[in-house]
Amino acid sequence: MSRTKRVVTVTLVLAIVAWLAPAATPSDPIKIAYMDPLSGPFAATGENGLKQFRFAADLINKSGGVLNRQIEIVPYDNKVSPQESLIQLKKVQGDGIQFVFQGNSSGVAHAISDAVLKHNERNPGGRILYLNYSAVDPALTNDKCHYWHFRFDAHADMKMAALTDVIKTNTKIKKIYIIGQDYSFGKAVAEAAVTMLGQKRPDIQIVGNELHPIGKVKDFSPYIQKIIASGADAVITGNWGADMVNLAKAANDGGLKVPFYTYYAASDGVTAAIGAAGVDRIRLVHETHPGNPNAPGRLAEHIIAFKKQNRESDINQPRIHTGLNMLVAAIKKAGTTDVDKVAAALEGLEFTTLGGDQVVMRREDHQLLMPIYISVHTNKDIKFDLDNSGFGLKLESKIDREKATLPPAGCKMQRPS
């Protein structure tokens, strides 16, 4: 066969193969980094969050994905360590991933936020968007705000404002003990509690204000004995994960039966640890509530579908669904995954949550504005239990978005030219 005939034959074969192949080859997935603890004392919290992200991504993919591409959640174990997070962020950069979700620990959040800002200033052609779904130190959207950081949870001051409004109405409370983890979030909770109680209930005496090492305390009984000795008739804590589980166990074992006003005293083993001893005594501030009356069914259906796949886990952070779907909406609006254009599309973006609430990403500081809910630990009149324990959360009150909103404080947003 001559060279000319061979070329014609090969060309014809390639043309036939191309004709027989699908009309469009699937594009590469849009990879989204999930950076949270997947080992160590807070692994249960991180693993549950990963399941919720992947479940939300699967729903998006089943409905067609975004820009004809699928979503892929890529996990990175930061061991809830700022130093390890910076190592993992380098891997994210090396893997070419543009979007990073993180939520557990404001100390970690500060490290990631600072690193992303520096990286983006030095690499305008390879920027990264930091999407914070649960780190709630107010500073992150106040004086430490920047254009490449967006927060999808109410910050600590917004939540404390709601909690102290509830405390204000309980005239039985005369003495309060504040206990929390010794890092930026724990300090922010304590500072907000002292300030807001002083404004709303100056008659209440703060009989303890204590910070403990994060993730290091296995036995909280000495702390519980201090609380009992102080004569406190209520406790405020921002503890989460293993520190909340161990605090709850010690409180039960020590016979401490005063009201607790909390940020994260539910699910991931906490509800089971509290058990019967906490009925009508433990209150939780949250961004939504199962069976939200605004949308009786959509959130419930989401929880039911998730539980079919993840029997041992709970939907305890609906903001994960909100954050991921708002990112997808911004990508669709921008028509691209270009970080600059996606960030611009996220500013001012409105979204209807699974619970039927209208939320909006405030342009001035990239803080999501939302209603806030107060729920109480119980085993009565609950739609879904948590930790498969028979105990769950009953809605007690809702603070509408307008009232829950606090003004921007100290944010001087520098936007790219």
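Taking max minus min of the alpha-carbon positions on each principal axis, the range 290-417 gives extents of 55, 33, 21 Å, largest first. Along the chain, the longest continuous region that contains none of the GluC sites (Glu not before Pro) in a DSSP loop with at most 14 other C-beta atoms within 10 Å is 1-311. Summing +1 for each Lys or Arg and -1 for each Asp or Glu among the other residues whose beta-carbon sits under 15 angstrom from that of Q70 gives +2. Rounded to the nearest 500, the 222 nm mean residue ellipticity of the chain from helices alone is -12500 deg cm²/dmol, with -39,500 (n - 2.57) taken per DSSP H run of at least 4 residues. For the chain, the longest principal axis of the C-alpha atoms and the axis of helix 43-62 are separated by about 40°.
Each 5 Å bin, from zero up to the one with the longest distance, holds this percent of the alpha carbon pairs of the range 178-232: 4, 18, 25, 23, 20, 8, 3.
Expressed as an acute angle from 0 to 90° and rounded to the nearest 10, what is the orientation of the C-alpha long axis of helix 3-20 relative to the principal long axis of the chain? In the chain, helix 3-20 runs at an angle near 40 degrees to the longest axis. Stretching the chain fully between E312 and F384 yields a gain of 24.6 nm (0.36 nm per residue, less the alpha carbon separation). Distant-in-sequence amide contacts of N209, defined by a placed amide H-H separation under 5 Å and a gap of 5 or more residues or a different chain, comprise I178.
Stokes-Einstein diffusion for the chain at 37 °C, viscosity 0.692 mPa s, with a Kirkwood radius from C-alpha pairs, works out to 145 µm²/s. Largest GNM mean-square fluctuation across N246, N68, N104, computed for the chain with C-alpha springs under 10 Å, falls on N68.
As a calculated quantity, the FRET efficiency between K91 and S39 at R0 = 22 Å, using C-beta atoms, amounts to about 0.90. Could you work out how far helix 156-169 tilts from the main Cα principal axis of the chain, as a 0 to 90 degree angle to the nearest 10? The answer is roughly 30 degrees. Separation of the range 77-102 from the range 306-363 is 21 Å, based on Cα centroids. Taken about its Cα centre, the chain carries a charge dipole of roughly 800 debye when the Cβ of each Lys and Arg holds +1 and the Cβ of each Asp and Glu holds -1. Each of G410, V235, L163 was placed along the dipole of the chain (beta-carbon charges, centred on the mean Cα), and the one lying farthest toward the positive end is G410. For the chain, a Gaussian network of Cα nodes joined below 10 Å ranks G278, G126, G269 by mean-square fluctuation, and the top entry is G126. Each listed q (0.11, 0.19 Å⁻¹) maps to a log10 I(q)/I(0) for the range 74-230, found by the Debye formula over equal Cα scatterers with no solvent: -0.54, -1.13. Using a probe of 1.4 angstrom and keeping all protein chains present, the accessible surface of the chain works out to 43 square angstrom per residue.
Is there a quick way to get the dipole size of the range 268-417? I mean about its Cα centre, with the Cβ of Lys and Arg at +1 and of Asp and Glu at -1; what is the value in debye to the nearest 20? Working shown, then result.
On the way: 20 positive and 19 negative charges, 34 e Å.
My answer is approximately 160 debye.
With the charge dipole of the range 258-417 set up from +1 on Lys and Arg Cβ and -1 on Asp and Glu Cβ about the Cα centre, the Cα lying farthest toward the positive end among the listed residues I274, L369, A343 is that of A343. Converting phi to 3J(HN,Hα) with the Karplus coefficients 6.51, -1.76 and 1.60 and the offset θ = phi - 60°, the range 383-392 yields 7, 9, 8, 10, 6, 6, 9, x, 10, x Hz in sequence order, with x at every glycine or proline.
Within the range 193-259, list the trypsin sites (Lys or Arg not before Pro) lying in a DSSP loop whose Cβ has at most 14 other Cβ atoms in a 10 Å radius. Of the trypsin sites (Lys or Arg not before Pro), the ones in loops of the range 193-259 whose Cβ has at most 14 other Cβ atoms within 10 Å are K216, K218, K257. Split the accessible area of the chain by element, probe 1.4 Å, and carbon with sulfur accounts for 53%.
The values are calculated or read from the model by the stated rules, or taken from the named source; none is laboratory data. Owing to the predicted nature of the structure, the values given are computational and were not obtained by experimental measurement. Don't worry about glycine lacking a Cβ; one is built from the backbone with ideal geometry, like all the others, and counts go over all protein chains shown. Just the protein is used for accessible areas: all its heavy atoms, side chains included, with ligands, DNA and RNA removed. Shrake-Rupley method; radii C 1.70, N 1.55, O 1.52, S 1.80 Å.
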